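First the structure, in the form of structure tokens, and then the observations on it.
The values are calculated or read from the model by the stated rules, or taken from the named source; none is laboratory data. Not measured: the values here are computed from a predicted model. Please note: Cβ atoms are built from the backbone with ideal geometry, for glycine as well, and neighbour counts cover all protein chains shown. In case anyone asks, the SASA skips ligands and DNA or RNA and just uses the protein heavy atoms, side chains included. Shrake-Rupley method; radii C 1.70, N 1.55, O 1.52, S 1.80 Å.
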Amino acid sequence: MFPHQRNRRLRTNDSIRSLVRETILTPNDFMFPMFIAEGTNVEIPIPSMPGIFRRSIDLTVKEVKELWSLGIKAVNIYVKVDDKLKDNTGKEAWNKDGLMQQAIKAIKDAVPGMIIMPDVALDPYSIYGHDGIIENGEVINDATVDALTRMSLSHAAAGADFVAPSDMMDGRVLAIRKALEENGYHNVGIMSYSAKYASSFYGPFRDALDSAPKDSGIEVPKDKKTYQMDYANRIEAIKEALHDVEEGADIVMVKPGIAYLDIVREVKNAVNVPVSVYHVSGEYAMIKAAAEKGWLDHDKIMIEQLHCIKRAGADIISTYFAKEAAIILNK
């Protein structure tokens, strides 16, 4: 006797598959990470991330206009800081005339509707390549939080829509939210990197910003494992996300992406705010390298991975594929 339910009926052709598709991917889902460099008319390719560049502010603005035309409505931005501006305090991070602050203003002036989420962490500004201030060989929490708070206020003053603390210090969301409220930035949101793992997938990103921990001649942690999460842990991610929501986060992030989809779903089930996922540089680079070898179909695997991230529970996908994917999805 044949079954009454033949599940293949709903897979018969493209039309029926489209009609019953559970996960719909559009450019509205994407946020594009951008790297900012000093100078004018500067475009420096990042070898480990084909198709991604460090750009000066003028060329960044040009790129943002193109992103907007494709339907991408959010960018998160990072700056490559000159070595002479780096120290152990991170004070360049809240310079009102700093590269990040100039970039925020320029993007907002050029494309007022673009949502700007600048990175809040000290590693681009640190002589040690760490996300916080070093004292007695350790990354100290509370002094770092004070610095991150000053950094966030400077971003808000420059016109950021959200600040995006990626440092994983304890209590920083509460401190930043309190400071934003006290200074009248009631509508500036916080996208917290809540479940950011100590992952080996970040290598190309650190090439882009020269933000890896450095051998500085003094005792400093050789990696970021004392503040980023252990990739063996699951329940801890839920705890971190819930703490950040309680402290005032408007959006929580899971990072990396495709290798952590179980965490994305766990966090999505636990919180009542949007969940962002960072499809990180190493995940991007692997697809680019395999496609270059002819081992994978670049566009098909790109779209498949982005669907998988959304299916797992992502409301926002921060991905270096945003522009390429938007072009395909807009056809």
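For the residue pairs Lys293/Lys331; Lys80/Lys310; Lys196/Lys222; Lys65/Lys323; Lys62/Lys86, the alpha carbons lie more than 20 Å apart in Lys293/Lys331; Lys80/Lys310; Lys62/Lys86. Here the range 299-331 is scanned for amide nitrogen atoms under 20 Å from the site 7 Å beyond the Cα of Glu43 along Cα-to-Cβ, giving 320-328. If only the Cβ of Lys and Arg carry +1 and only the Cβ of Asp and Glu carry -1, the dipole of the chain around its Cα centre is close to 1560 debye.
Counting protein heavy atoms only, the range 117-200 has 45 percent of its accessible area on carbon and sulfur, 1.4 angstrom probe. The residue among Leu148, Val163, Val120 whose Cα reaches farthest toward the positive pole of the charge dipole of the range 114-189, with charges on the beta-carbon of Lys, Arg, Asp and Glu, is Val163. Of the accessible area of the range 12-110, computed with a 1.4 Å probe over protein heavy atoms only, carbon and sulfur atoms account for 53 percent. Model label sites at Arg150 and Cys308, defined 7 Å from Cα along the beta-carbon direction, differ in position by 4.3 nm.
Which GluC sites (Glu not before Pro) from the range 5-50 combine a DSSP loop assignment with at most 12 other Cβ atoms within 10 Å? Don't skip to the answer; put the middle values down first.
Working: sites: Glu22, Glu38, Glu43; in loops: Glu22, Glu38.
Filter output for the range 5-50: Glu22.
Taking square-rooted eigenvalues a ≥ b ≥ c of the alpha carbon gyration tensor, is the range 195-331 rounded, prolate or oblate, where a/c under 1.5 means rounded and, failing that, a/b exceeding b/c means prolate? Note, shape of the range 195-331 comes out oblate. Of all beta bridges DSSP finds with both residues in the chain, what is the antiparallel percent, to the nearest 5? The antiparallel fraction comes to roughly 15 percent. Between Tyr231 and Asp82, the distance separating the two model label sites (each 7 Å from Cα on the Cα→Cβ line) works out to 3.7 nm.
The label point for Asn187 and the one for Ile140, both projected 7 Å from the Cα toward the Cβ, are 3.8 nm apart. When you filter the trypsin sites (Lys or Arg not before Pro) in the range 3-44 for DSSP loop state and at most 13 other Cβ atoms inside 10 Å of their Cβ, you are left with Arg6, Arg21. A 1.4 Å probe run over the range 34-169, with the rest of the protein chains in place, finds 37 Å² accessible per residue.
Grab the Cα-Cα distance for Ala289 and Lys65, subtract it from 0.36 nm times how many residues apart they are, and report the gain in nm with one decimal.
On the way: separation 224, 0.36 × 224 = 80.64 nm, distance 2.84 nm.
Residue separation times 0.36 nm, minus the Cα-Cα distance, leaves 77.8 nm.
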